[in-house]
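*Asks:* Just dropping this structure here.
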Amino acid sequence: MNRLSYIGARLVKTVLITIAVVLLSFFLVRLAPGDTATVMAGQGGFADEAFMKSLRAEYGLDQPVLVQLWKYISAVAGGDLGNSFVRRQPVLDVILERLPNTLLLNAFALLVAVAGGVLMGMAAARRPGSTTDASMTVLSMIFYAMPQFWLGMMAMLVFSVWLGWLPPFGLETMGADYTGLARLGDIAVHMILPGVTLALYFMASYARLTRTAMIEVADQDFVKTARAKGIGEGQVARRHILRNALVPLITFAGLQSAILVGGSVLVENVFSWPGVGTLAYEAVTTRDNPLLLGIFIVTAVLVSLFNLVTDIAYSIADPRVEQGR
Amino acid sequence: MKDFLRVFFSRPIPLVGLVIFAVIVALALLAPLLFGRGPFIIVGMPLLPPGAPGLLAGSDVLGRDMAVGLAYGARISLLVGITSTLCAVGIGVLLGAVAGYYGGWLDDLLMRVTEFFQIIPSFVLLMVLVAFLQPSLSSTVIGIALVTWPQVARVVRGEFLSLRGREFVQAARTLGMRDARIIFTQVLPNALPPIIVVGSMMVGSAILTESALSFLGLGDPNLLSWGSMIGGSRSAMWVAWWTTVLPGLAIMITVLALNFIGDGLNDALNPRRRR
Amino acid sequence: MEPLIAIKDLIVSLPPGADRAHAVDGVSLSILPNEILCIVGESGSGKSLTAHAIMRLLPRGVSASSGEILFEGTDVLRLSPSAMRKLRGAGVAMIFQDPMAALNPVVTIGKQITEQIRAHRAISEKAALEQAAGLLAEMGLKDPKALLKSFPHQLSGGQRQRVMIAMALSLSPKLLIADEPTTALDVTTQAQILKLIKRIQTERQMSVLFITHDFGVVADMADRVAVMRHGRVVEEGGASDVLGDPKHSYTRALIAAVPRGESMLQPVAQDAPLLSVKDLAKNFRRGGFFSGASAVKAVDRVSLTLSRGETLGIVGESGSGKSTLARCVIRLLDPDAGEMLFDGADIAHMGERQLRPLRRRIQMVFQDPFSSLNPRQTVGEIVIAGPRAYGEDMKEARSRAADILRLVGLNPETMHRFPHEFSGGQRQRIGLARALMLKPDILIADEPVSALDVTVQAQVLKLLDDVRQQMNLAMLFITHDMRVAAQVCHRVMVMRHGQVVESGPTREVFAAPSSEYTRSLLAAIPGRGKLASV
């Protein structure tokens, strides 16, 4: 199995996951009490039997399930995720408008988490059992135990309310109308609190994983070989230990991205970051089910695409994929 | 068992975890006896600070006793954490064991399903589930169990798969033991330690998930939980820090205690540490 | 002559809580220029830690607490880290037991060799690669240029060890430490690697410290021998002296325990066979979806017969299909084709329900003494599990278990203990007792002694043979070791790539092998004909 066929298999997997997400969504709609027609009618404040019937006919709800499923799949494939009840706009348009903000925040958080986590993990793994190592273990346990939204609120309380160092809300300063670099700088300052809050949890998992991987790899025979060759400790750590320890970290980044998106919903809400996460909250409070479902589909597809990217990166980092792992 | 207890208590961390957890469980169980009137009763002025007369933890935006809320909140957190984990572990062990031991198409299917759950953003799915089912205690528990059982199934399946290949299990087959007997006497006892460790960690993360759902207004509207206390006090955070800080600390301490216990279990059940 | 390296009163301490304080307990040894010193000993003798101490590569928590190791007059143990780094690879180089584990899986072979050269010499990557290619060619590897670009997993075991040796020699060290370098390899590959090490030692006039557990290898390699036990050197001297006239009783016992590779057993009179296997085949599917599935013929139309009272040896290197064959016979695997007549019934394709009453009559002893016993059950529970599965009364089973444990040389009072309280050899006895409890007709032994030290190995082999005689068993003995096969098998069958290459009475096969492959297997037996009968 060479690298290309490995990537091919992963591509197929991504497509299959996307199909599964759409299928799942179709059945999730059926989970809600009452069908779309009752909900629509309820929204209109008007429900007579004939009107309901015409609504059902209009939305194809009177047709067999398989026909409805087929229609649903073709609609989703064509980018039609339905209309938002509340906004009366196509769901996809509403989401795409907010998506760049969420991507920006998540990319920043991922970067901070990976860089910080790997550095912390390396420091802890240098001498297992040392004070650095022990305090890092305790610290990451504490981060694991904190609700992420609460961590955000505490950060806001300290850095915005008490110290006044950082802006507590939003993407940029309202009404300041910065342009160019000044605007970018303004957004960057606004991104620090939500970005770092979102990153901290993953930084903790990354630090732990890096530590475990480094310690595990450091016990392998080839590290002994490297030392027996008379290579400096720095090169042993970089080329032999870290290089091998990074391989599982790549896959991990892909898997973590799903959890990152979940965290993003909460953190965006705390900091009123105008992204998909706050949109999800709005959808919940206004009972805008098509919008909520649309958010699930879009984020799921994005995460599986990101996993495809990490899978490809993994196949480059680990030559052993040929063996069909 | 003796070895297990010796290792478990050989470090302070699991012991601390166990003591804290016992206190929280006691508080949750005794809440109706201590504060019989329930958490929704208004007892005084809103936003009184902790230490105000009769108010150990202050009052919230509506003038309700925060201390009572915290005690009742523990009931919800523990109830959701434990029941959803039990459901998830039940489903996960059953499916994981069958898939890992027998392999074949069932195993393939299970692996695809667990991969699917690993890749989709499960918190967003959970929001959809709970919103569509209507927020309630049972939809929270069902939702959490539905998105977390694949984790357990993966672990169990991996253990069963590797144990199935071990020579002592093969020996049991050559001795003519029936499958059920092999699974229960040979494989399961050896697969239990990781299941217990994963389970203990899952209780903590289920508590966190429940608090996030209630924070977003997706909790049971008839019950007061730590997450909904924080969510309800967001506007007051700027003037009354205790309304958000205290319930958050309660969540953190509970989850931390559970993770400490899990850490101790991990050590004590790890055969490499026992010799 | 001045020794190249002199170890004086070396003590290597284990971390507190280990089963003893010192792993190496006052060892003094020296190696002259241009000689091969073999340190031989069983597991736990401290031979490997002695070698690692020279390189200062002891595992975490283990340290050389006193003594000195003089390399050309300088004490290695007191060198600064940077001076030590300069010595490693350039002055002293080392190769290890498992070349797959010893090579970095994600770095190319070329890079791994050049990084050593360039850590010590200021030359360009290109020049270093040239040099590496030359070294690989010297090791007898074909197409060195292509090899430099490949990754370890793309090479065979023998190729990997050659790469390791090439790397070790890249800076022309004065001393090469080889720590069990052939233990993980097949016997024919082992012979080639031993020959290679001998050849380069002569050509380059270097010293070699060779660590091994195998007196056969010692006979092939050593100029001088040191025998270690429990952290001490019990005997040391020239190879011919130690091998020909061992002074210490432990050395004598070790040498006596080495199977000689000469068959001593007469074939037994053939009754009607108890088991006859005809054209048995088993394929494994590999790959998937994109690369297209390919079937590997693990067992390819194999036929054999087995009668009461005889031992049939199935010999082959890794990948020969010998273990798959055994697992088909005991129906842990389902054969794809062929028949297996056992007492008149074809058990090859029998359903589990019909098979169950027959299962107790074919039993197995497994290879790995550590994974073949359930760690959470007591010895008693393990041994009576079989009879209990067939509904035997608990009391009855327990009293029989005591008898059987006595038969395999264990104290029945140990029944309440757990497997981890026993040594490897004792565990194999427990495994045998478990099998014998069902009073089988056929006993399959799958590499039952390959994980054991040589003295324990001899005891277990003797036990198996005694039991076979006493209970009139038919035994199928799977092994990779021709010497072991010679010792216990009446007939042997040599397998390669899933097929039978040759079969016949052991004496005849060993005396006059009819196939080229069997001849090469026999020729590869280390130390053949060089060990005295003590």
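The values are calculated or read from the model by the stated rules, or taken from the named source; none is laboratory data. All figures in this text were calculated on a predicted structure; none of them were measured in a lab. Positions of Cβ are generated from backbone atoms using ideal geometry, with glycine treated the same way; all protein chains shown enter the neighbour counts. These accessible areas exclude ligands, DNA and RNA; they are computed on the full protein's heavy atoms, side chains included. Shrake-Rupley method; radii C 1.70, N 1.55, O 1.52, S 1.80 Å.
*Asks:* Classify the stretch B:120-185 as rounded, prolate or oblate from the Cα gyration tensor: take a ≥ b ≥ c as the square roots of its eigenvalues, call it rounded if a/c is under 1.5, otherwise prolate when a/b beats b/c and oblate if not.
*Replies:* Prolate.
*Asks:* Considering only the other residues whose Cβ falls under 9 Å of the Cβ of C:P33, what net charge follows from Lys and Arg at +1 and Asp and Glu at -1?
*Replies:* -1
*Asks:* Now a separate question. Taking H as built 1.01 Å from N, whose amide H comes closer than 5 Å to the amide H of C:F210, not counting residues under 5 places away?
*Replies:* Residues meeting the amide H criterion: C:L37, C:C38, C:I39, C:A178.
*Asks:* Note down the nm distance, to one decimal, between modelled labels 7 Å out along Cα→Cβ at A:T251 and at C:T188.
*Replies:* Result for the modelled spin labels: 3.5 nm.
*Asks:* Then there's this: If R0 is 51 Å, what FRET efficiency do you get for A:L184 and B:F40 from their C-beta distance, rounded to 0.05?
*Replies:* Values: r = 48 Å, r/R0 = 0.94.
Between A:L184 and B:F40 the formula returns 0.60.
*Asks:* Something else: How much FRET efficiency would the formula 1/(1 + (r/R0)^6) give for C:M1 and C:R232, where r is the Cβ-Cβ distance and R0 is 25 Å, rounded to 0.05?
*Replies:* 0.45
*Asks:* Here's a follow-up. Hey, any idea what % of the protein assembly as shown's accessible area is carbon plus sulfur with a 1.4 Å probe?
*Replies:* That fraction is 60 percent.
*Asks:* Something else: With the cut-off at 29 Å, tell me which of the pairs C:K86/C:K149; C:K297/C:K530; C:K145/C:K198; C:K47/C:K174 have Cα atoms farther apart than that.
*Replies:* Over 29 Å apart, Cα to Cα: C:K297/C:K530.
*Asks:* Going by Cα centres, the stretch A:213-262 and the stretch B:114-155 are how many Å apart?
*Replies:* Each part reduced to its Cα centre gives a spacing of 33 Å.
*Asks:* Sticking with this one: With a 1.4 Å probe on protein heavy atoms only, work out how much accessible surface B and A bury together, total over both chains, in Å² to the nearest 100.
*Replies:* Between B and A, the summed buried area is about 4100 Å².
*Asks:* Run the numbers on the stretch B:216-240: which residues show a drop of 10 Å² or more in accessible area, chain on its own versus all protein chains together, using a 1.4 Å probe over heavy atoms?
*Replies:* Listed in order, they are B:L216, B:L218, B:I230, B:R234, B:M237, B:W238.
*Asks:* Between beta-carbons, use under 11 Å as the cut-off and find the net charge around C:Y250, counting Lys and Arg +1, Asp and Glu -1.
*Replies:* +2
*Asks:* Under the Kirkwood approximation for Rh and a Cα-based Rg, what ratio Rg/Rh is obtained for the stretch B:18-120?
*Replies:* 1.28
*Asks:* To continue, here is another question. Quick query: amide H of C:G313 versus all other amide H atoms, modeled in the peptide plane; which residues come in under 5 Å with a sequence gap of 5 or more or a different chain?
*Replies:* Amide H to amide H, under 5 Å and 5 or more residues apart or across chains, C:G313 pairs with C:F477, C:H490, C:R491, C:V492, C:M493.
*Asks:* Which whole-Hz couplings ³J(HN,Hα) result when phi for each residue of the stretch B:25-34 is put into the Karplus expression 6.51 cos²θ - 1.76 cosθ + 1.60, θ = phi - 60°, listed in order with x for Gly and Pro?
*Replies:* Once rounded to whole Hz, the list reads 4, 4, 4, 5, 5, 8, 3, x, 6, 6.
*Asks:* If you roll a 1.4 Å probe over the heavy atoms of the protein chains, what accessible area per residue do you get for the protein assembly as shown, in Å²?
*Replies:* Each residue of the protein assembly as shown exposes 42 Å² on average to a 1.4 Å probe.
*Asks:* Order C:S82, C:S307, most accessible first, counting only protein heavy atoms with a 1.4 angstrom probe.
*Replies:* So the residues, ranked largest to smallest area, are C:S82, C:S307.
*Asks:* Once a ≥ b ≥ c are taken as the square roots of the eigenvalues of the Cα gyration tensor of the protein assembly as shown, is the result rounded (a/c under 1.5), prolate (a/b larger than b/c) or oblate (a/b not larger than b/c)?
*Replies:* In terms of gyration-tensor shape, prolate.
*Asks:* Now a separate question. For C:E115, what accessible surface area do you get with a 1.4 Å probe? Give it in Å², rounded to 10.
*Replies:* 10
*Asks:* Just checking the output field for A:188-195: average partner chain Cβ neighbours within 10 Å of each residue's Cβ?
*Replies:* 0
*Asks:* Here is a further query. What do you reckon, how do A:L11, A:L181 stack up by accessible area (1.4 Å probe), largest on top?
*Replies:* On the way: A:L11 95, A:L181 145 Å².
Output order, biggest surface exposure first: A:L181, A:L11.
*Asks:* Apply the a/c threshold of 1.5 to the C-alpha gyration tensor of chain A and tell me whether it is rounded, prolate or oblate.
*Replies:* oblate
*Asks:* Let me ask something else about it. Run the quick spin-label model on C:S66 and A:T212: label points 7 Å from Cα toward the beta carbon, then report their separation in nm to one decimal.
*Replies:* Using points 7 Å along Cα→Cβ, the separation is 4.3 nm.
*Asks:* OK, next. In what sequence, highest mean first, do C:43-50, C:122-129, B:120-127, B:133-140 appear when ranked by Cβ atoms within 10 angstrom?
*Replies:* Answer by packing, highest mean first, reads B:120-127, C:43-50, B:133-140, C:122-129.
*Asks:* Where does the charge balance sit around C:L358 when Lys and Arg score +1, Asp and Glu -1, over other residues with C-beta under 14 Å from its C-beta?
*Replies:* With Lys, Arg at +1 and Asp, Glu at -1, the neighbours total +4.
*Asks:* To continue, here is another question. Count, for each residue of A:20-31, the Cβ atoms from other chains sitting within 10 Å of its Cβ, then give me the mean as a whole number.
*Replies:* Values: counts 6, 4, 0, 0, 4, 2, 0, 0, 6, 2, 1, 7.
Going residue by residue through A:20-31 and averaging, the value is 3.
*Asks:* Once phi is turned into θ = phi - 60°, what whole-Hz ³J(HN,Hα) does the Karplus curve with 6.51, -1.76 and 1.60 give for every residue of the stretch B:3-12, x standing for Gly and Pro?
*Replies:* Result, rounded to whole Hz: 4, 4, 5, 4, 5, 4, 9, 6, 10, x.
*Asks:* Can you pull out the buried accessible area for chains C and B, both sides counted, probe 1.4 Å, rounded to the nearest 100 Å²?
*Replies:* When C and B are taken together, about 2000 Å² of accessible area is lost.
*Asks:* Also: A:S54 versus B:L5, label points 7 Å from Cα toward the beta carbon: distance in nm?
*Replies:* 7.7
*Asks:* At a Cα cut-off below 13 Å, give the aspartates and glutamates reachable from C:K282, other chains included and same-chain residues fewer than 8 away excluded.
*Replies:* C:D300, C:D334, C:D336, C:E339
*Asks:* As a test of the definition: with a 1.4 Å probe, what buried accessible area, both sides summed, do you compute for A against C, in Å² to the nearest 100?
*Replies:* Using a 1.4 Å probe, the pair buries roughly 2500 Å².
*Asks:* Another question, then. Between C:S514 and A:S135, what's the calculated FRET efficiency when r is the beta-carbon distance and R0 is 56 Å? Round to 0.05.
*Replies:* Rounded to the nearest 0.05, the efficiency is 0.20.
*Asks:* Can I ask one more? Packing-wise, with mean Cβ within 10 Å as the measure, how do C:224-230, B:15-21, A:183-189 rank, highest first? Could you put the intermediate results ahead of the total?
*Replies:* On the way: C:224-230: 22.7, B:15-21: 16.4, A:183-189: 14.0.
Ranked by mean Cβ neighbours within 10 Å, highest first: C:224-230, B:15-21, A:183-189.
*Asks:* Go through the stretch C:61-76 residue by residue and turn each phi into a ³J(HN,Hα) via Karplus (6.51, -1.76, 1.60, θ = phi - 60°); whole Hz please, and just put x for glycine and proline.
*Replies:* Whole-Hz 3J(HN,Hα) from phi for the stretch C:61-76: x, 9, 9, 7, 8, 7, x, 9, 10, 8, 10, 6, x, 9, 7, 4.
*Asks:* Counting partner chain Cβ atoms within 10 Å of every residue's Cβ in C:112-121, what's the average?
*Replies:* Rounded to a whole number, the mean comes out at 3.
*Asks:* With springs connecting C-alpha atoms under 10 Å apart, model chain A as a Gaussian network and identify which of A:K13, A:K229, A:K53 has the largest mean-square fluctuation.
*Replies:* So, out of A:K13, A:K229, A:K53, the one fluctuating most is A:K229.
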